[in-house]
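Notes to accompany the following structure.
The values are calculated or read from the model by the stated rules, or taken from the named source; none is laboratory data. A quick note: this is a predicted structure, and the numbers were derived from the prediction, not measured. Heads up, the Cβs are rebuilt from the backbone with ideal geometry, glycines too, and the neighbour counts pull from every protein chain shown.
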Amino acid sequence: MPPTVRRRRRRRLSRAGALAVAGALVGALALAALVGGLLREHSQSSGYERALDRSYAAQARPIVEESNRLEVKLRAMLRSMPRQTRTSLELGLDTLVRSASSLAEEAATAAFPPPSGSAGADVAAAMADRADAARVLRSAVDGLLGMAPLPVAGAPVTSTPETPAQRLSVPAAAAELAKVGLLLAEGDRSYAEGRRVLRLAPGHALLPASAWSGRSTVLSTGGALALANALMGSPSLAAVHRVELVTHALALTPAPVPSTGGATPGGPVAVLPPTGRIGLSVVVANDGNVTERGIVVRVSLRSAGQPAATGSAAGAVTGAEHSETSSHVALSPGSSISVTLPAIPVVPGRRYTIAVSVDPPIPDTQGAVTSDAVSVRVAPPASPTVGQLLPAKGPGGTGVTILGSGFTWVRTVTFGHTAARFRVVSSAQITVVAPPGSGTVVVHVTNAGGSSASTPADLFRYRRS
């Protein structure tokens, strides 16, 4: 090979070697950069996870501590249940349900953003199981004893309390109580797992120990049956039915006028101002320890012997001789409600007996006051006044408008001695058809307070058609 060719070949090999070395160096630098980036990213990620786990633990710790305090109250309640009263037991169960539900909501909120692994979800699931167990416990006891959740403080008062749980037999209630134990055990397993995961995570955050099961046999299968039997046989939890009418709270509308006379034969009589309708409101109280539904409040009104006015023409105001109205209410134990009954029509000038009664759905204990009666007299209105007849003359059959005052409770309108058909338009106007007659007659308008006085304004002169 000529020398020139050999030199060219050596130069080409030298350049190729240099390029290979340079490529290897570039690859090594790139690999080093990639590894360094991954290491830095891992370091940063671990720091974030540690901070997140510790932040979650700081939020969850007070929730768990409060849950532990609630568990102590639950154990005390389970021991004392048969010795409590229905009201105190209802209050304790309602408080337990509300507190456990609130903790479950707080635990669910604290789990976002989620800490390492399943820690947040496990702790939230444990608190949810405990809240479910509290609800099942209340439902089982309420169903066994026929109780209902108490109204929430500050909530609007209604006549219909919350519906009680479905009634349960002793075996059925015991089965539900055993479910409570199973729910609590499941919740404890979830919590233990979440606590373990958090402890082993990068932050090594710690949560307090917490267990709601395994510390009492009350909610085991045998213990649940014993508890159900004890509740059913407890004297302090026995149902007491006592629905009463609060007689001193009976109120009439319109209100009676102050009495100025002495004693009235037959007993006291409340005098009402002139009115065509009487309204009545009464207060009904549940002094027992059982929620009462289907309470019927009845009011009956009976005319005290005054017959309807004789000779009343069509259009005269008449009131029922006997009327009755009623209302249905429901009451929680220890509560009361004011019941306003629909107004009943009456006639001014008459006397009535108003009887009110309460029909509880279950017979009351002996001595409960469930009825009352009051005598009332509706004062007559002032005598009407005739101011003008339009027209003031005409043959029989003429339509006449009477203007004046005090026409609200008119009983009769007469032309001379003949009653006429009339219609009360307002307290100041009556339309009437003149009956057959002759000459000039006085038109009288009569109500319970008397007849209109004779004046030149109430003369009607008949003339031939």
Worksheet entry | Every residue from region 356-376 that is without any contact (Cβ under 8 Å) to a residue 24 or more places away in the chain and surrounded by 14 or more Cβ atoms within 10 Å (Cβ to Cβ) | 373
Discussion item. Residues that are modelled with pLDDT under 90 and of a type outside the set (A, V, I, L, M), at least 3 per element: which strands (runs of 3 or more DSSP E) completely within region 231-341 meet that?
Written reply: 292-303, 322-331
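Somewhere in region 103-110, is a residue assigned to a helix (DSSP H, G or I), among the acidic types (Asp, Glu) and at pLDDT below 95?
Just the residues of region 103-110 that are assigned to a helix (DSSP H, G or I), to begin with: 103-110.
Narrowing the set further to residues that are among the acidic types (Asp, Glu) leaves 105-106.
Those left that are additionally at pLDDT below 95: none.
Among the residues of region 103-110, not one is assigned to a helix (DSSP H, G or I), among the acidic types (Asp, Glu) and at pLDDT below 95, which makes the answer no.
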Discussion item. Any residue at all in region 432-445 that's surrounded by 14 or more Cβ atoms within 10 Å (Cβ to Cβ) and of a type in the set (S, T, N, Q)?
Written reply: no
Worksheet item: Could we say that residue 153 is modelled with pLDDT under 95 and more than 30 Å from residue 221 (Cβ to Cβ) here?
Response: yes
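For every residue, the table says whether it meets (1) part of a helix (DSSP H, G or I); (2) touching a residue at least 60 places away in the same chain (Cβ under 8 Å); (3) in contact with a Gly (Cβ under 9 Å, 6 or more places away or on another chain).
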| site | (1), (2), (3) |
| --- | --- |
| 59 | yes, no, no |
| 66 | yes, no, no |
| 71 | yes, yes, no |
| 74 | yes, yes, no |
| 101 | yes, no, no |
| 113 | no, yes, yes |
Item to complete: Check whether at least one residue in region 369-385 is acidic (Asp, Glu) and assigned by TED's automatic domain parsing to the domain that holds residue 304, and report yes or no.
Response: yes
Item to complete: Working only within region 337-355, note down all residues that are under 26 Å from the mean Cα position of the chain (by Cα) and either among the aliphatic types (A, V, I, L, M) or crowded, with 17+ Cβ neighbours inside 10 Å (or both).
Response: 337, 339, 341, 343
Worksheet item: Filtering region 231-245 down to residues that are surrounded by fewer than 20 Cβ atoms within 10 Å (Cβ to Cβ) and in contact with a Lys or Arg (Cβ under 9 Å, 6 or more places away or on another chain), which residue is farthest from residue 339 (Cα to Cα)?
Response: 234
Practice prompt. Kindly provide the set of residues from region 450-460 that are farther than 16 Å from residue 414 by Cβ and either in contact with a Pro (Cβ under 9 Å, 6 or more places away or on another chain) or assigned to a strand (DSSP E or B) (or both), ordered by number.
Written response: none
Item to complete: Output the residue which, of all residues in region 377-418 that are buried (at least 20 other Cβ atoms within 10 Å of the Cβ) and of a type in the set (A, V, I, L, M), is nearest to residue 303 (Cα to Cα).
Response: 378
